[in-house]
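Working notes, structure below.
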């Protein structure tokens, strides 16, 4: 039996004025159109991580080779947004597709994601286009989605007049074929506008196939008055849209490039002008894509698709995300969307408040990020917070750190750790790199310290700390109760619903796990209870750690709870109606999780690993005592911290730079 290693305490400290923190001490134009049958899965590509080999001499003079993985998060402050194609790229690549606008609808796999997207085990993503029909609607997302999905896009040529019911049959045939080939692989249907109606119809017709449905601005309701008005307007418009626009603007296409040169656009500035230039310089492409006959046909097809989809929505069993633009309401009907959200077994409605008609082509919308933030990505029958988790990109981590900047700057946290020889250092170098490791500490007010702590450890040590959080954080609650976007960061940064079974699975995978045994009660300290521990009597995490020989790192944090002296405590908060509902929900969920945990954990036969419950309890109390000693140490030492208060910290940063780390008490 492996033994549990208890490392020396870790310490957390922060300025009194706000947050507390952790200090630790421890011992394209070249795209291809491919028929469905020719697309095959390949083996996963080799890892792209950069590995450096360092040779050191040990005490006996022997050469020791050590593999060091380059930390992609070390310079996260300078991380740039992921490269993504723009509207101009869309129109450039669409040009080739609309020039030869004949033939039947067919699938293609984008080149920029084909090499990595078809990896074994990746779920299949079928994109069904909107009114343009090109299949390029995900062009801004191909690269990022292609890292975790096998992506096929449906191309509907401009001259094609396949009825909606036959398009549904085509998509359905593909779904059934791929399901028969890989019965355990989920299939994602992503549809935009008209495509969302077709995807919804396919999902309703195939309730027994494992489907996930993403509908972007679904045109699931047609106003008869508006549709008749549009038909009438289209009937009197000239056939050549480029000619019409040139007449309106009084500018011929040949003059547009000179009038809106890239240099001039850079001086004027703004993505809107660049998009306008892209549209104006690609009028022939748009003219072929949206000819009068094509638009009239699409409108009739939309009516048919809507009627069919709405006729049997109660058959849908697929889990669903509905993405709604805040500035695109004329084809959206809120009553229908509410009907879907109540009817579908699992439905998430995500509002894109600042986006318009084509959000997938607009800045600020990252479909891969939305899928991660809603726990919608899965490789099996259901989402697994451990095996289905996708690490944040450096830029995603930067976004999280920027979102918490006000908290971090106000708190000016400092982290300490202890080397194996007992030396206390102002860094995190004392943390072990190899897992499994279980970090156990005191909970601060509303867990304000958890995300910044995870970010700093990832940035400094390339250690990904999987925080165990309240299960409520992973529910897609009604927006009227809570803005669910506030909880995205817990999922993006690797949070896992707290349970004994989650600890078991994480430690089995040799992960670094963050646990607050005090739970919700300790996160909602009342006035006068600052830094007090509310740990349960049981010692389950010690037994689980024992099974896997995990290191246990006790740590302490101070600072955040000082806010309790100035704001409402948990008793005051419970009197506010919205917070009262949230607390009730959290308590109910926590109770259900505890009841379910017992049976799951019991299946693992942990008793065999640590039969002496008295010793387990002794170790548990030792860990608790270490945490209390950490907190007591910090409370004493911070009294001699010359930068404890806000003004000295601001003066230091003003003279040393706002990104400089502020000193603390003498070690």
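Bear in mind these aren't lab numbers, they're just calculated from the coordinates by the rules spelled out. Owing to the predicted nature of the structure, the values given are computational and were not obtained by experimental measurement. We place every Cβ from the backbone using ideal geometry, glycine too, and count neighbours over all the protein chains shown.
What the table shows:
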| read-out | value |
| --- | --- |
| Ranked 448, 501, criterion: other C-beta atoms within 10 Å, fewest first | 501, 448 |
| FRET efficiency, 1/(1 + (r/R0)^6) with R0 56 Å, evaluated for residue 312 and residue 651 via beta carbons | 0.25 |
| Binned Cα-Cα distances of segment 413-454, short to long, each 5 Å bin given as a whole percent | 5, 17, 23, 27, 19, 8, 1 |
| Under 19 Å from the residue 538 label point (7 Å along Cα→beta-carbon), backbone N, segment 496-512 | 497-508 |
| Principal semi-axes in Å for segment 344-383 [√(5λ), Cα gyration tensor, largest first] | 23, 13, 8 |
| Peptides 549-556, 408-415 ordered by average Cβ neighbours within 10 Å, highest first | 549-556, 408-415 |
| Cα shape, segment 385-467, gyration tensor, a/c 1.5 rule | oblate |
| Tensor-based shape of segment 614-667 (alpha-carbon gyration tensor, a/c under 1.5 rounded, otherwise prolate or oblate) | prolate |
| Per residue Cα convex hull volume in Å³ - calculated over segment 395-547 | 150 Å³ |
| Reference-scaled alpha-carbon Rg (2.2 N^0.38 Å with N residues) for segment 103-221 | 0.98 |
| Residue-span extension gain [residue 632 to residue 660] - 0.36 nm each, minus C-alpha spacing | 7.3 nm |
| Coarse-grained scattering of segment 282-384 at q = 0.11, 0.17, 0.23 Å⁻¹, given as base-10 log I(q)/I(0) from a Debye sum over alpha-carbon atoms | -0.49, -1.06, -1.30 |
| Contour minus Cα-Cα distance for residue 510 and residue 406 (0.36 nm per residue) | 34.1 nm |
| Alpha-carbon Rg/Rh ratio, for segment 134-181, with Rh computed the Kirkwood way | 1.03 |
| Cα-Cα P(r), segment 322-446, percent of pairs per 5 Å interval | 2, 7, 10, 12, 16, 15, 12, 9, 7, 5, 3, 2, 1, 0 |
